[in-house]
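J.: Please see the structure below; I have some questions.
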């Protein structure tokens with residue numbers, strides 16, 4: 001081998017080894033789920049607060065911060081937001097205090113979770129450990145954790161949402177649960193268009209809070225996301241309907257069903273594609289009323305921001321999910 005050949009070969013080896021090393025590093029850095037899960041498990045080991053509760057709290061806070069204008073947008077692996085005055089202590093004059101001893105003196109929430117001698121709001125591990133340490137003062141079991149959450153958030157729906165997320169995470173054993181599908185099978189005969197905000201007259205003047213997907217009677221209706229059934233039963237407007245809360249603080253409303261799938265009950269954990277009922281024409285009257293309009297699925301979406309809940313147009317999401325599901329099926 002000549003010197004020139006050796007140099008070229010060495011350069012190529014260095015290039016490819018550097019390329020694959022950089023690719024591996026980027027892959028690790030680009031997977032936020034793995035990074036978060038490592039932190040949840042690490043803090044669980046120290047505090048015995050179940051990782052799925054830590055994940056649920058973090059996810060709830062991430063959802064809220066994404067839609068609230070009075071809170072900073074999440075920009076770190078852990079999205080739990082603890083106000084500076086709560087972190088350092090309400091009577092502490094220094095809102096940037098990072099000395100754990102001084103913070104403890106002022107009865108602040110901040111602690112040193114990563115062992116660097118500082119209690120920093122800029123440290124994901126410190127923040128996560130601080131919240132876990134707060135819950136630890138109540139206990140590590142389900143009921144006491146819920147008491148701690150209520151005393152922190154002072155809102156029943158928030159506590160309920162976090163408990164639901166925890167149940168979902170525990171059931172699946174992972175946190176990367178962002179897959180969505182279209183609410184009726186793609187091979188079914190169906191049609192839909194954007195009708196959110198249109199006027200509705202039955203029962204008084206109101207707007208249409210959803211998208212109508214017209215399909216044959218009995219066509220399977222599927223859960224569009226991972227979530228948990230919050231409501232099942234009759235509503236005079238929506239007829240037989242189901243409400244499902246997903247891990248992104250979205251409430252999915254399925255109405256005018258012909259009936260419910262076997263095993264679908266309040267508290268049931270669902271996943272994308274799971275059949276929850278069938279297309280029907282129920283509603284606009286007392287229980288059992290049906291046939292006042294053509295069979296269709298009314299699909300609505302609502303967002304909770306930690307203070308209130310509002311309806312938003314599901315049509316763009318339906319278009320996106322349908323496109324993504326088609327692409328996924330083509331790969332199989």
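The values are calculated or read from the model by the stated rules, or taken from the named source; none is laboratory data. Only a predicted model underlies this, so the values are computations on that prediction, with no experimental measurement involved. No Cβ is skipped: glycine too gets one built from the backbone with ideal geometry, and neighbour counts run over all protein chains shown.
J.: It is to be established whether one or more residues within region 157-177 are in a strand (DSSP E or B), over 20 Å from residue 264 (Cα atoms) and touching a residue at least 40 places away in the same chain (Cβ under 8 Å).
T.: no
J.: Of these, 91, 45, which one is assigned by TED's automatic domain parsing to the domain that holds residue 158, free of Cβ contacts under 8 Å to residues at least 24 places away in the same chain, farther than 20 Å from residue 246 by Cα and not in a loop (DSSP other than H, G, I, E, B)?
T.: Working: 91 fails: not in a loop (DSSP other than H, G, I, E, B).
Testing whether each residue is assigned by TED's automatic domain parsing to the domain that holds residue 158, free of Cβ contacts under 8 Å to residues at least 24 places away in the same chain, farther than 20 Å from residue 246 by Cα and not in a loop (DSSP other than H, G, I, E, B) leaves just 45.
Residue-wise test of (1) touching a strand residue (DSSP E or B) at 6+ places or on another chain (Cβ under 6 Å); (2) within 24 Å of residue 306 (Cα to Cα); (3) touching a residue at least 40 places away in the same chain (Cβ under 8 Å).
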{"position": "127", "(1), (2), (3)": "no, yes, yes"}
{"position": "136", "(1), (2), (3)": "no, yes, yes"}
{"position": "143", "(1), (2), (3)": "no, yes, no"}
{"position": "151", "(1), (2), (3)": "no, yes, no"}
{"position": "184", "(1), (2), (3)": "yes, no, yes"}
{"position": "209", "(1), (2), (3)": "yes, yes, yes"}
{"position": "215", "(1), (2), (3)": "yes, no, yes"}
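J.: Something else: Just the residues that are touching a helix residue (DSSP H, G or I) at 6+ places or on another chain (Cβ under 8 Å), surrounded by 12 or more Cβ atoms within 10 Å (Cβ to Cβ) and within 14 Å of residue 127 (Cβ to Cβ), please, taken from region 71-89.
T.: 74, 76, 77, 78, 79, 80, 81, 82, 87, 88
J.: Out of all the residues in region 90-106, which are within 30 Å of residue 67 (Cα to Cα) and touching a helix residue (DSSP H, G or I) at 6+ places or on another chain (Cβ under 6 Å)?
T.: Across region 90-106, the qualifying residues are 95, 97.
J.: Still on this structure, please answer the following. Of 273, 288, 267, 263, which residue is at pLDDT below 95 and farther than 20 Å from residue 67 by Cβ?
T.: On inspection, the qualifying residue turns out to be 288.
J.: Only one of (1) closer than 21 Å to residue 180 by Cα; (2) at pLDDT 95 or above; (3) outside any loop (DSSP other than H, G, I, E, B) is not met by residue 311, so which one is it?
T.: Here residue 311 meets the rest and fails (2).
J.: Out of 285, 306, 277, I need the residue that is in contact (Cβ under 8 Å) with a residue 24 or more places away in the chain, assigned to a loop (DSSP other than H, G, I, E, B) and crowded, with 17+ Cβ neighbours inside 10 Å. Which one?
T.: Of the residues listed, the single one that is in contact (Cβ under 8 Å) with a residue 24 or more places away in the chain, assigned to a loop (DSSP other than H, G, I, E, B) and crowded, with 17+ Cβ neighbours inside 10 Å is 306.
J.: Take the residues in region 115-146 that are more than 27 Å from the chain's Cα centre (by Cα) and surrounded by fewer than 24 Cβ atoms within 10 Å (Cβ to Cβ), then tell me which one is nearest to residue 40 (Cα to Cα).
T.: 115
J.: So which residues in region 255-267 are assigned to a loop (DSSP other than H, G, I, E, B) and crowded, with 18+ Cβ neighbours inside 10 Å, if there are any at all?
T.: Scanning region 255-267 gives 261, 264.
J.: Further question: So in region 48-85, with the set limited to residues that are over 22 Å from residue 245 (Cα atoms) and free of Cβ contacts under 8 Å to residues at least 12 places away in the same chain, which one is farthest from the chain's Cα centre (by Cα)?
T.: If we take residues in region 48-85 being over 22 Å from residue 245 (Cα atoms) and free of Cβ contacts under 8 Å to residues at least 12 places away in the same chain, then 85 is farthest from the chain's Cα centre (by Cα).
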